[in-house]
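Readers should treat all values here as calculations from the given coordinates under stated rules, not as data from a laboratory. Here the structure is a predicted model, which means the values were calculated and not measured. Glycine also receives a Cβ, built like all others from the backbone with ideal geometry; neighbour counts cover every protein chain displayed.
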Amino acid sequence: MRQLRWPYWLGVLLVAATLLLLPFALSAIGTAWVRITNLAILFVFLALGLNIVVGMAGLLDLGYVAFYAVGAYTWALLASPHFDVHWPAWAILPLGAALACVAGVLLGAPTLRLRGDYLAIVTLGFGEIVRIFLNNLSAPFNITNGPKGITRIDGLSLAGIQFNASETFLGIPFTAPIKYYYVLLILLLVILIINLRLADSRIGRAWVAIREDEIAAKACGIDTRNVKLLAFAMGASFGGIAGGMFAAIQGFVSPESFVLNESIMILAMVVLGGMGNVWGVIAGAMLLSFVPELLRYTVEPIQRALFGRMLIEPEVLRMLIFGAALVLTMRFRPAGLWPEKRHKQEMSVAS
Amino acid sequence: MPLMEALDLKVHYGGIAAVKGVSFAVEEGEMVCLIGANGAGKTSTLKALARLLPATGEIRFAGQRIDGMPTHRLIRLGLALVPEGRGVFARLTVAENLAMGAYAREDAAGVAEDLARVYELLPRLAERRRQLAGTLSGGEQQMLALGRALMGRPRLLLLDEPSMGLAPLLVEKVFEAIRAIARTGVAILLVEQNAHLALTTCARGYVMESGRITLAAPSAELLADARVRAAYLGG
């Protein structure tokens, strides 16, 4: 292995220090920004999970948000006054991931022979089915509480630390969002390492082979059925973890959080960042999480300063800029902002 | 006992019979071709052998029944397929494509040995080893598909229309490579529309017509046969 020199370690140290101090800098601007950052990290989990299915294995999944929902409702049902059960986090977070994994296999198994558009349509249907179930499983037995959703969900509590409560440690105030930020940062590190290892593993290469040519992959001795199911299962379990953390942080879940739009947003993060490249996907997720929030906080004051009143609603402008950004990216960087090495090579050879 | 033997192989697409009960065999180290017009059922037969299509009948390879076995297990037994249209992994490099050919193997030393042999046999691949497969010419892609199949250390290669879509000069190059592979002792079953090329390359041939094998003979006899000449060799 190549010797890593001190500038590399200095870089790592700087990034680590920035990430550790970030929530305090952000809360100086406003606590909302720490929450926004936390949600952005959850979207990184989701985008990395979907990247396994779409980016690596090349299976277009438009119902990915269903796995997010499975994770979120697992936590919500097993740690809230709704059924009056309050399981510990160490049990429900892995359980949520496992159930999402099962859901992934349930979706994967009947769709193994489908590709491209056909797979996209079936997965889209699957996502909607899950959402409609959550909406309607309130009668005759009230399981999900329907569109009203589940409230007063327990927050995360681990090793005696209540993450929903503020506390002061060594004279420094740690608010709930700041505490969650550190948990998410650790989870992010774990998920990142898993993804980087996967991309460079035997199974990662098998996914790429299936993406490129399924018959040739079979001829090479790849059990395409199992390998595809594994992609669905692994991708889904990251969604499940993100869902569990989402329920814990928000304290409230309802089917409204798991609509088709969310699936499309996560897919856009993967495509915009650069399908298949872990770093690109992270950049895409961060960008699409933060830019809309930035707009929300800047559009109104700018318009008032310029015109004295608000002409365009931030929400309208957000979608406009979002659409324009996607079109421009696809025009000028068709393989994404930070493409997988091979896509980039291919594009440069082609031009 | 032949290396590979098919007995009464039948393939249906819905209600339409594409292969209506064919029987044939390939001996160890032998080069055999399956010729016939477009739609005669050649590719369907090969796909049935590679277990890519559901078929009835019996297929034996190296003394074992392989009908009912999934495709991905065949390479472990020594049966390799070079699919129609080559099927290289376009966004992987040449070297990565070759490595995928050895996906099922666990003997790293043997794989390294075979890689050196493939580069020796197909020197063009060695020159291009870092290039993406999608950027190779058609002939080079066919070479890569051959090399990748060899990386599984097969006893029998199934070749589906290797000349398809290639310029005549490249076809000659690809067939030179195929002959070189055969000289290393690998048996080859070649499905080919270019009957003259196939018969001059292989020792034996089967002629397929609308789902049935109508002739089976050494290539020299088929080349001289009046019916074959009229139907496939342009008089």
Query raised in the report: Between segment B:215-235 and segment B:73-125, what's the alpha-carbon centroid distance in Å?
Result: 35
Report task. Enter the per residue convex hull volume of chain A, computed from alpha-carbon coordinates, in Å³ rounded to the nearest integer. Result -> 188
Query raised in the report: Under the Kirkwood approximation for Rh and a Cα-based Rg, what ratio Rg/Rh is obtained for segment A:114-247?
Result: 1.10
Query raised in the report: Which order do peptides B:221-232, A:222-233 fall in by mean Cβ count within 10 Å, highest first?
Result: A:222-233, B:221-232
Query raised in the report: Which order, highest average first, do B:12-25, A:178-191, B:147-160 follow once you tally other Cβ atoms within 10 Å for each residue and take the mean per peptide?
Result: B:147-160, A:178-191, B:12-25
Report summary line: Sorted on mean Cβ neighbours within 10 Å (highest first), peptides A:124-133, A:6-15, A:264-273, A:291-300 come out as A:264-273, A:124-133, A:291-300, A:6-15
Report task. Quick one: among A:Pro301, A:Pro173, A:Pro314, which has the greatest mean-square fluctuation in a GNM of chain A with alpha-carbon springs under 10 angstrom? Result -> A:Pro301
**Report entry** As computed over the protein assembly as shown, the Cα convex hull volume per residue (Å³)
**Finding:** 213
Requested in this report: Work out the P(r) tail for chain B: percent of alpha carbon pairs separated by more than 25 Å, whole number.
Outcome: 39
Report summary line: Out of B:Glu161, B:Glu176, B:Glu84, a Gaussian network model of chain B with alpha-carbon springs under 10 Å gives the largest mean-square fluctuation to B:Glu176
Query raised in the report: If each Cα of segment A:76-164 is one equal point scatterer, what is log10 of I(q)/I(0) from the Debye formula at q = 0.11, 0.16, 0.22, 0.26 Å⁻¹?
Result: -0.45, -0.82, -1.11, -1.26
Report summary line: Per the Kirkwood formula over distinct C-alpha pairs, the hydrodynamic radius of segment A:193-351 in angstrom is 18.5
Query - Inter-part distance where segment A:96-152 and segment B:43-66 are each reduced to a Cα centre, Å - result: 39
**Report entry** segment B:1-108 - Rg and Dmax from Cα coordinates, angstrom
**Finding:** 15.2, 47
Report summary line: In cubic angstrom per residue, the convex hull of segment A:193-272 built on its Cα atoms measures 122
**Report entry** For B:65-76, mean number of other protein chain Cβ atoms within 10 Å
**Finding:** 3
Report summary line: GNM of chain B, Cα pairs under 10 angstrom: of B:Met31, B:Met164, B:Met143, the biggest fluctuation goes to B:Met164
Query raised in the report: Quick one: which of A:Lys218/B:Lys42; A:Lys228/B:Lys10; A:Lys228/B:Lys173 span more than 25 angstrom between C-alpha atoms?
Result: A:Lys228/B:Lys10; A:Lys228/B:Lys173
